[in-house]
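Encoded as structure tokens, the structure appears first; notes follow it.
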Amino acid sequence: MRRFLFGSAGARRDCAPASPGRRGRPAPQLHRSTSGMSASFVLVVALLSVESSYSENLERPSQGVPDTVQFWFSPDADWRVKTFAIDHDIHIHKIGTRTTPQRLTPEWAVANTRKHYSDVLSSILMLEFADPKDTAAVTRILEAHNLHGTLEVASSGVAFYNPDSGHYRTQSVPK
């Protein structure tokens with residue numbers, strides 16, 4: 001059996017399932033973090049119970065570093081990011097800009113992730129940052145949620161949670 005996720009920018013989830021699923025188990029709670037100031041940047045990060053390789057079409061229970069599904073919301077653009085733990089592959093898609101008529105919201109991202117990943121969703125967090133380049137503040141927010149990785153901020157404006165501080169790079173192209 002294969003599972004497909006058609007989401008933002010034509011992304012899909014296309015791997016054999018790792019297990020029969022988690023039906024009947026309670027959904028992970030949403031944990032929301034605020035930095036105490038007016039946040040201009042929001043990261044929705046879902047930690048999955050699997051690790052996978054998109055290029056190898058392989059998904060298995062996570063043995064350490066999990067796959068993630070993330071959404072980065074900034075004043076100028078919104079992004080969807082998927083990390084694949086086995087080979088440190090990453091897929092990044094811009095899903096909105098300042099001029100997009102109806103921009104998506106972090107609440108939509110949480111609901112969409114729950115809908116498409118409920119059987120492999122370990123936890124989902126909504127983290128708010130006043131300044132993603134303020135390393136000390138970012139570290140405090142990540143540590144407050146027992147996140148041991150780092151927040152990577154690219155020159156393009158996208159940021160993503162790097163769960164193991166490894167070297168993620170795009171290695172495959174979604175079909």
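The values are calculated or read from the model by the stated rules, or taken from the named source; none is laboratory data. None of the values given here were measured: they were computed from a predicted structure. All Cβ positions, glycine included, derive from the backbone under ideal geometry; neighbour counts span all protein chains shown.
Data overview
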| item | result |
| --- | --- |
| Positions within region 148-170 being in a loop (DSSP other than H, G, I, E, B) and surrounded by 19 or more Cβ atoms within 10 Å (Cβ to Cβ), in sequence order | 158, 163, 168 |
| Residue check for residue 117: buried (at least 20 other Cβ atoms within 10 Å of the Cβ), not aliphatic (A, V, I, L, M) and not in a strand (DSSP E or B) | yes |
| Boolean, residue 173 is more than 16 Å from the chain's Cα centre (by Cα) and either assigned to a strand (DSSP E or B) or buried (at least 16 other Cβ atoms within 10 Å of the Cβ) (or both) | no |
| Of the criteria (1) over 22 Å from residue 48 (Cα atoms); (2) of a type outside the set (A, V, I, L, M, F, W, C); (3) in contact with a Phe, Trp or Tyr (Cβ under 7 Å, 6 or more places away or on another chain), which one residue 100 fails | (3) |
| Residues within region 99-114 that are of a type in the set (Gly, Ala, Ser) and part of a loop (DSSP other than H, G, I, E, B), tallied | 0 |
| Within region 100-129, tally of residues that are basic (Lys, Arg) and either at pLDDT 95 or above or closer than 19 Å to residue 161 by Cα (or both) | 2 |
| Single residue of 65, 69 found to be surrounded by fewer than 23 Cβ atoms within 10 Å (Cβ to Cβ) and within 17 Å of residue 164 (Cβ to Cβ) | 65 |
| Every pair of residues 6+ apart whose Cβ atoms lie under 6 Å, when the first sits in region 39-67 and is in a strand (DSSP E or B) while the second is of a type in the set (Asp, Glu) and buried (at least 24 other Cβ atoms within 10 Å of the Cβ) | 48/67; 50/59; 50/67; 51/67; 52/59; 52/67 |
| Residue within region 131-142 that is assigned to a helix (DSSP H, G or I), surrounded by fewer than 18 Cβ atoms within 10 Å (Cβ to Cβ) and of a type in the set (D, E, K, R) present | yes |
